[in-house]
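K.L.:
Below you will find the structure I want to go over with you.
Please treat every number below as a calculation from the coordinates, not as lab data. This is a predicted model, so every value here is computed, not measured. Every residue, glycine among them, receives a Cβ derived from its backbone with ideal geometry; neighbour counts consider all protein chains shown.
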Amino acid sequence: MSECKHEMIHAFLFLSRGVRDHDDHGPAFQGHMNRINSIANTKITVFHTFHREVEAYRLHWWQCDGNCRTKKPYFGLVKRSINRPPSKRDTWWAEHQRSCGGSFIKIKEPVDYKKKKIRKATSAKKPTKSSDITSYFPNKDKDVAKNLINTPSVDDITQGISLQADRKIVVIDLTDKG
């Protein structure tokens, strides 16, 4: 969705200012991008393709110390958005071990990255006495049919839908007037 919003900013700049250059991510573009991101809590970026946007989130890097670091196309680099080092869980791991045999060393991570605290193992809880399932339901002795009196009617449900349809639409002014 962010890429669609990105393109909508380009469209707005074209319609309002005649800017035809889709590579123009200057002050006007970034001003609208930052304003919309702050108002709508979105993550619009200056990237044009989803692949480049994904690449921007790959902040955990590992480098192999074996001979694959000199071979195309990856040069022994593994980049991930999560802190999960290369391991036998990767589909390519066995081939890497056979052909290279090198070890991966973490070479980059986000500046403010902090490792998650490992949860301490909780002591085994003692099993509780199981109780009858009916004890969890109120009015267990009453006739089930009596409880149907409080169920909403079709009219109540449709009125709720029409109330939702009366919600106001907020329009965001994208002009530079302030």
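K.L.:
Starting with the fewest neighbours, write out 69, 98 ranked by other beta-carbon atoms found within 10 Å of each beta-carbon. Write down the numbers at each step before the final one.
P.N.:
Details: 69 14, 98 8.
With the fewest neighbours first, 69, 98 line up as 98, 69.
K.L.:
Just name one of 93, 103, 63: the one whose Cα is farthest towards the positive end of the charge dipole of the stretch 58-108 (beta-carbon charges, Lys/Arg +1, Asp/Glu -1).
P.N.:
63
K.L.:
Between residue 111 and residue 37, what length in nm is gained on full extension when 0.36 nm per residue of separation is reduced by their alpha carbon distance? Show your work: numbers first, answer last.
P.N.:
Numbers: separation 74, 0.36 × 74 = 26.64 nm, distance 2.24 nm.
This chain segment gains 24.4 nm when fully extended.
K.L.:
If you take the Cα atoms of the stretch 58-108, find Rg, then find the Kirkwood Rh from the mean of 1/r over all pairs, what is Rg/Rh?
P.N.:
Working: Rg = 10.2 Å, Rh = 10.9 Å.
Rounded to two decimals, Rg over Rh is 0.93.
K.L.:
Can you tally the lysine pairs in the stretch 58-108 where the Cα-Cα distance is under 19 Å and the two residues are eight or more apart, or on different chains? Provide the component values of the computation, followed by the final result.
P.N.:
Details: 71/79; 71/106; 79/88; 79/106; 79/108; 88/106.
Value for the stretch 58-108: 6.
K.L.:
Continuing with the same structure: Between residue 91 and residue 56, what FRET efficiency comes out of the Förster formula 1/(1 + (r/R0)^6) with R0 = 30 Å and r the beta carbon distance, rounded to 0.05?
P.N.:
Values: r = 24 Å, r/R0 = 0.81.
With a Förster radius of 30 Å, E is 0.80.
K.L.:
At residue 80 and residue 46, where each label point lies 7 Å from the Cα along Cα→Cβ, what is the point-to-point distance in nanometres?
P.N.:
It works out to 3.0 nm between the two label points.
K.L.:
I've got another one for you. Tell me, 2, 87, 103 in order of fewest to most beta-carbon neighbours within 10 Å? Don't skip to the answer; put the middle values down first.
P.N.:
Numbers: 2 15, 87 8, 103 12.
So the ranking, lowest neighbour count to highest, is 87, 103, 2.
K.L.:
For each of 44, 36, 82, 9, count neighbouring Cβ atoms within 10 Å of the residue's Cβ, then give the residues from fewest to most.
P.N.:
Values: 44 24, 36 18, 82 8, 9 21.
Ordered by Cβ neighbours within 10 Å, fewest first: 82, 36, 9, 44.
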